[in-house]
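These notes concern the structure reproduced below.
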Amino acid sequence: MTSDMKYPTSLFSSNLKFDGENNAGGVLSIAGCSAEKLVKEYGSPLFVIDQADFYLRTNAWRSAISSAFGDSQLYYAAKSFISVEVAKWLKELKVGLDVCSGGELAVALAADFPAADIEFHGNNKSEVEITAAIKAGVGTIVIDSFDEISRVSKIAKELNKVQKIYLRLTPGVDAHTHEFISTAHEDVKFGFSIASGAALDAIEKCTAQSTLSLAGIHCHIGSQIFEVDGFKAAAQRLVGVLAIFRDKYSKELPELNIGGGYGIAYTKDETAIAPELVIPAIATVIKDECAKAKLSIPRISIEPGRAIVGPTTTTIYLVGTTKSVTLDSGAERRYVSVDGGMSDNIRPALYGATYSAFLANRTSSAKNISSRIVGKHCESGDILISEIDLPSDIKSGDLLAMPATGAYGRSMASNYNHIPRPAVVAVINGTARQILRRENEADLLNLDVVQAPRQLP
Ligand code: LLP
């Protein structure tokens, strides 16, 4: 992204073209590939990822951080969405990768992602995962608990390695987001509290371990955050910890990771928080606080996931059955069922997340009526969009597109009701290729074991 290009802050991926207006539907294409043809080729539901948009957003966040701080690091949060192909894109883009499980690590390694640029997170990493990470040579392990200090140092010792680590701290700020995706208050499972003194105790314990090399501290205050104040308050408290460290140990911790959590637009009324706004605001706080404490500015890293991949992806659903109900108020509501639902997007059911959708294969001149988009699962709560105006003539065989589903959609997908998880297709310059194939029933049956019971040894 050049400096005169504006970061795209709407819910749409940059190369999405829709010839329709408002809620009247239209013909959708992404990066020159028509939604209708994509579904014909790859089936539905289908996640369509706009590859150039992914590159643009990664570059935008990286350039915001490097213009604010110079030498710095962007770690893409793999939990938002990862596949071997995406890990290859990130390798080509020369950014780091934040993984939080042995599975995510395996994807990165399968893509030959440089282990030194991997950061390993998680509040309960198993010994097997820690061993795999250290053996692979991951750059940094982010330690989350006292138990883990002993676990990681013991395993590093067995492997005869000194492991670079960060400590994940909870700065006690309220991120003003959904409770389930808020992570920096006191009563939370993640990290060491600064306020209680646990953070300082953890630092002391780590510095006493010869197999651990404490390089910095980390915090992630939550997700889908739009207010800059939470990020600023967290940064200020973390610099406070760096100053205490310097006073106590007469040396400085060289690195500070301020996590991800930057909010994106899911509906037309929302606007994403832009890197060129939030990063300089955080940088000012870090620089001012470091100047006050006479500290050198640490090497800064960030970990956006959703802000990179969220808006790149649009889900295309095929409409199936419809029905109308009369509400107590006398108003009519149309239920529009699609061929996916809570198994490919659990966010509405889990967080009350809101989305937008539109008719994507044709224009309609029918009047709009109040509609509810639901999935095909055996749950009344399988609602993708609770209330949306859609043309009244939407019928079986139509396509509905739902933008901004790239983050925590496919990555949180399940097989509820034995529904195979959808494919992901990457589109760029009029070409399409599958990067994750659709699951099939054989994949699901693969896990079934039919055997006689046996006594355990
Ligand atoms: N760093 C750490 C340590 C994290 O735990 C997370 C997200 C991120 C970075 C990336 O956050 P992002 O920039 O993507 O907001 N399933 C929820 C979100 C859970 C986020 C978990 N951690 C959702 O669908 O909203």
Pairs please, first residue from region 54-80 and acidic (Asp, Glu), second anywhere and at pLDDT 95 or above, Cβ atoms under 7 Å, 6+ apart in sequence or on different chains. Asp71/Arg299
Please go through region 205-230 and pick out each residue that is in contact (Cβ under 8 Å) with a residue 24 or more places away in the chain, more than 16 Å from the ligand (Cβ to nearest atom) and part of a loop (DSSP other than H, G, I, E, B). Gln209, Ser210, Thr211
Does any residue of region 191-204 turn out to be within 14 Å of the ligand (Cβ to nearest atom), in contact with a strand residue (DSSP E or B) (Cβ under 8 Å, 6 or more places away or on another chain) and either over 27 Å from Pro114 (Cβ atoms) or not assigned by TED's automatic domain parsing to the domain that holds Glu270 (or both)? yes
Return the residue satisfying two criteria in turn: it lies in region 112-124 and is surrounded by fewer than 18 Cβ atoms within 10 Å (Cβ to Cβ) and part of a loop (DSSP other than H, G, I, E, B), and of such residues it is farthest from the ligand (Cβ to nearest atom). Asp112
Specify which of the listed residues (Lys79, Lys37, Lys94, Lys88) is outside the structural domain of Ile300 (by TED's automatic domain parsing), more than 22 Å from Asp344 (Cα to Cα) and assigned to a helix (DSSP H, G or I). Lys88
Would you check if there is a residue in region 341-348 being crowded, with 18+ Cβ neighbours inside 10 Å, in the same structural domain as His418 (by TED's automatic domain parsing) and basic (Lys, Arg)? yes
Kindly indicate whether Pro280 is of a type outside the set (S, T, N, Q) and either more than 25 Å from the chain's Cα centre (by Cα) or within 16 Å of the ligand (Cβ to nearest atom) (or both). no
Condition check for Tyr416: more than 16 Å from the ligand (Cβ to nearest atom) and either modelled with pLDDT of 95 or more or within 23 Å of Leu16 (Cβ to Cβ) (or both): yes
Could you tell me whether any residue of region 284-304 is acidic (Asp, Glu), modelled with pLDDT of 95 or more and more than 16 Å from the ligand (Cβ to nearest atom)? yes
In region 305-339, how many are more than 16 Å from the ligand (Cβ to nearest atom) and either part of a strand (DSSP E or B) or in contact (Cβ under 8 Å) with a residue 40 or more places away in the chain (or both)? 20
Say whether the condition of being under 30 Å from Glu227 (Cα atoms), within 16 Å of the ligand (Cβ to nearest atom) and assigned to a helix (DSSP H, G or I) is met by at least one residue in region 354-369. no
Pick from region 169-190 the residues that are under 18 Å from Thr354 (Cβ atoms) and either of a type in the set (A, V, I, L, M) or part of a loop (DSSP other than H, G, I, E, B) (or both): which of them is modelled with the lowest pLDDT? Ile181
Being under 27 Å from the mean Cα position of the chain (by Cα) and not aromatic (Phe, Trp, Tyr) is the filter; apply it to region 312-336 and report the residue that is farthest from Arg438 (Cα to Cα). Thr312
Filtered residue count, region 55-76, keeping only those that are closer than 23 Å to Asn15 by Cα and assigned to a strand (DSSP E or B): 1
Are any of the residues in region 262-270 away from the ligand (no atom under 16 Å from the Cβ) and not in a loop (DSSP other than H, G, I, E, B)? no
Condition (residue is within 12 Å of the ligand (Cβ to nearest atom), assigned to a loop (DSSP other than H, G, I, E, B) and at positive phi) applied to region 242-257: is it met by at least one residue? no
Could you please tell me which pairs satisfy a Cβ distance under 8 Å, a separation of 6+ or placement on different chains, a first residue in region 232-256 that is without any contact (Cβ under 8 Å) to a residue 40 or more places away in the chain, and a second residue that is basic (Lys, Arg)? none
Region 97-106, subset part of a helix (DSSP H, G or I) and either basic (Lys, Arg) or within 16 Å of the ligand (Cβ to nearest atom) (or both), residue surrounded by the fewest Cβ atoms within 10 Å (Cβ to Cβ): Gly103
Quick one: would you say Val48 is without any contact (Cβ under 8 Å) to a residue 40 or more places away in the chain and β-branched (Val, Ile, Thr)? no
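The values are calculated or read from the model by the stated rules, or taken from the named source; none is laboratory data. What you see is a predicted model, and the numbers here were worked out from it, not measured in a lab. All Cβ positions, even for glycine, are placed from backbone atoms using ideal geometry, and neighbour counts span all protein chains on display.
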